[in-house]
Amino acid sequence: MEKEIFEQPDSIRRAIRGRLKEGKIKIPSIEKIYPDRILIIGCGTSYHAGLLGKYYFEDISGIPTEVETASEFNYRSVPKEENVLAIFISQSGETADTITSLLKCRDLGYDLFTITNSVCSTLAREAGKGIYQYAGKEVSVASTKTFTSQATILLMMACYFGKAEADYISKIPELIKEVLEGNEIDDLVDSLPSRAMYASGPSLQTLEEVIFLGRQSMYPVALEASLKLKEVSYINSQAYPSGEIKHGPLALITEDTPVILFAAQNNLEKKNSSTSSEVSLRGGEVVIVRKSNQQITGKKFAEVVMPDCNDYVAPILSVIFFQLFALRVAIRKHQFENINIDKPRNLAKSVTVE
Ligand code: AGP
């Protein structure tokens, strides 16, 4: 997992290579597609990438977009519609639920399109049209580099459909390198001494739960950060849209539950500041994830600061910090046990049964 996290500058470079020329996106497989509506389907991490894709498609290209987990889509009635582009996201290209969704969308007469890391996989073959991620083989069960390359490809597609300037995408690999070279996450993990963080053995008090919050493009980031932590550290975590916490989850806030607030969004500084205050006023220890040029007011326990970047790139950088967080916490937690972080209990890399 660690190796794959650190490969991300290169995997993103390969996702972009040949597809971005003089600030414009050139992707032959999407030329001549002019959808009225987009439907994105995936599972787990690929579904989270799809949620970020919805934000990109609607914000950059103005195309109405829905996102659904394959396992839900497969068993409900879906009204027929004209000119729908169905995008299937899957690093393996072999996920049974997603393949079933593709067959259902074919019956509905939708245009089929796959984003996958596996050349010649079932989804790639059945869709006939798509984009390869070229992220390199991902061995760890917990997906990392394939999420960020899916997100980058969705961003490029949104720029293509929206005829938007895309030069900033070429800077993503360097920005990721900067994030990976920093000490923010090691410092954060070290700064949680009240929970012992497994520093001297498993018998010490343990970190039992982490809450992740995010608005808009940062909500999929919160979901993905939470999934990573669960998968590799077996620590319970929840993710909520920031505005929802006052509708119930605030009851969970105690001084023993770190609350990670993804807030690297220029246009939402005020809203993110008020979420931070809502949590800290109830005794919660808030960790703010922000850009270097931003101010999020209110009492905070710690900050994770990323380089200044375009708002569409910030979710990608935010996720990388918390891939590392999940890994570092898992290493500490499992240090006296014989647990392979790359192969978490009960999970398989590719889920080929429904
Ligand atoms: C991610 O860390 C998980 N291993 C899992 O959620 C995975 O993303 C999901 O099973 C979908 O796999 P796919 O991308 O190969 O279709």
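The values are calculated or read from the model by the stated rules, or taken from the named source; none is laboratory data. Computed from a predicted structure; not experimentally measured. As a convention, Cβ positions derive from the backbone with ideal geometry for all residues, glycine included, and neighbour counts pool all protein chains shown. The protein model used for the area step is the full one, side chains on, heavy atoms only, and it has no ligands, DNA or RNA in it. Shrake-Rupley method; radii C 1.70, N 1.55, O 1.52, S 1.80 Å.
Think of it as helices only: each DSSP H run of n ≥ 4 in the chain is worth -39500 (n - 2.57), and spread over all residues that comes to -11000 deg cm²/dmol at 222 nm. Build a GNM of the chain with springs between Cα atoms under 10 Å apart, and of Val78, Val289, Val259 the one that fluctuates most is Val78.
Backbone phi angles across the stretch 334-344, fed through the Karplus curve with coefficients 6.51, -1.76 and 1.60 (θ = phi - 60°), yield HN-Hα couplings of 8, 4, 9, 10, 8, 10, 8, 4, 6, 10, x Hz in residue order; Gly and Pro are listed as x. With the cut-off at under 18 Å, measuring from each backbone N in the stretch 59-100 to a point 7 Å along the Cα-to-Cβ line of Lys137 picks out 91-94.
Each label point was placed 7 Å from the Cα along the Cα-to-Cβ direction; for Lys24 and Asp256 their separation is 6.0 nm. The angle separating the long axis of helix 172-181 from the principal Cα axis of greatest extent in the chain is about 20 degrees. The C-alpha atoms of the chain define a longest principal axis, and helix 96-107 lies at about 30 degrees to it.
What separates the Cα centres of the stretch 213-279 and the stretch 17-81 is a distance of 25 Å.
Among Ala302, Ala225, Ala326, the largest mean-square fluctuation in a Gaussian network model of the chain, built with springs joining Cα atoms closer than 10 Å, belongs to Ala302.
Taking trypsin sites (Lys or Arg not before Pro) across the stretch 107-199, the ones in a DSSP loop with at most 16 further Cβ atoms lying within 10 angstrom of their Cβ are Lys129, Lys137, Lys163. Note on the chain: with charges restricted to the Cβ of Lys and Arg (+1) and Asp and Glu (-1), its dipole about the Cα centre is near 460 debye.
Give, in nm to one decimal, the length gained when the segment between Ser350 and Glu208 is fully stretched (0.36 nm per residue of separation minus the Cα-Cα distance).
Separation in residues times 0.36 nm, less the Cα-Cα distance, equals 48.3 nm.
If you take all other residues with their beta carbon under 14 Å from the beta carbon of Glu354, and give Lys and Arg +1 and Asp and Glu -1, the sum is -2. Largest GNM mean-square fluctuation among Ile27, Ile87, Ile99, using the chain with Cα springs under 10 Å: Ile27. Take the solvent-accessible surface of the protein heavy atoms, probe 1.4 Å, and return the percent of it on the chain that carbon and sulfur atoms account for. Answer for the chain is 49 percent, counting heavy atoms of protein chains only. Residues of the stretch 298-317 with an amide N closer than 16 Å to a point placed 7 Å from the Cα of Lys171 along the Cα-to-Cβ direction: 306-317. The lysines whose alpha-carbon is closer than 17 Å to the alpha-carbon of Lys32, local same-chain residues fewer than 8 away aside, are Lys24, Lys129, Lys163. Charging the Cβ of each Asp and Glu at -1 and of each Lys and Arg at +1, and nothing else, the dipole of the stretch 233-354 about its Cα centre rounds to 120 debye. Under 14 Å from a point 7 Å along the Cα-to-Cβ line of Lys32: which residues of the stretch 99-142 have their amide N that close? What the label zone holds, given the 14 Å backbone N cut-off, is 129-130. Computed from Cα atoms, the angle from the helix 44-56 axis to the main principal axis of the chain rounds to 70 degrees.
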